[in-house]
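The values are calculated or read from the model by the stated rules, or taken from the named source; none is laboratory data. All of these numbers come straight from a predicted model, not from anything done at the bench. With ideal geometry, Cβ positions are generated from the backbone for all residues, glycine too; neighbour counts draw on all protein chains shown.
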Amino acid sequence: MTVSGEERRPPQAPIAAIVLAAGASGRWGDGNKLLAKVAGKPLVEHAARAALEAGCDPVLVVTGNERAEIEAALAGLPVRVVHNPDFARGLATSVRSGVAAVPRTSVAVIVLLGDMPWVRAGHVRRLCERFDPERPRVLVPEWQGRRGNPVLWPRFLFGELAVLAGDRGGRELLTRHADLVETVSLDEAVLRDVDAPEDLAEHLPGDREG
């Protein structure tokens, strides 16, 4: 699936988005990888724009490490920043912070990683459009049999997301509720994150600038 130049269009039901942008970039080296640029924009901005352009509302960005710098990178975007002072204790603390801020009107939330700049609005929209409030499922993107991100979680699992611990995010819930997981075939972008500077030199077929 090639995602390019798409207008912002709301999903059929109120679905919130959480962008996880609190990590300390331990494997990156000097600086914060979420501030590194791809196609002229910081990684975290790509993630936020993907959620916004897909029509998610609200878009919550969870900060931690270098909070002020991340907020500055998102200046002018209609996102809500949620600070996680416990970010050093693991990814789960950021998921919990984000879920706690999701409005009661949201039927689901899609959780994006701030270091996956090749995930575009079309990927997010595809997951949101597959969600059925009458038959809620956990929607997980996959490519060639491998599961990736972002993952969409129905509201009835928010309570379990809110008590996660450690650095595994929601993976343990995917195992615990395997019967509720539905995969959505997308493309290689859902597997690609940025861990080291050399990752930024690699591109996927059909990558667009901007």
- Per the filter on region 139-183, residues surrounded by fewer than 19 Cβ atoms within 10 Å (Cβ to Cβ), touching a residue at least 24 places away in the same chain (Cβ under 8 Å) and aliphatic (A, V, I, L, M) are Ala162, Val163, Ala165, Leu174, Leu180, Val181
- Qualifying residue in region 151-161 (condition: at pLDDT 95 or above, on the phi > 0 side of the Ramachandran plot, of a type outside the set (Phe, Trp, Tyr) and over 15 Å from the mean Cα position of the chain (by Cα)): no
- Query: Does region 37-55 contain at least one residue that is more than 25 Å from Leu200 (Cα to Cα) and at pLDDT 95 or above?
  - Reply: yes
- Query: Would a scan of region 170-177 turn up a residue that is charged (D, E, K, R) and over 18 Å from the mean Cα position of the chain (by Cα)?
  - Reply: yes
- Confirm whether Ala68 is in a loop (DSSP other than H, G, I, E, B), on the phi < 0 side of the Ramachandran plot, without any contact (Cβ under 8 Å) to a residue 24 or more places away in the chain and not aromatic (Phe, Trp, Tyr). no
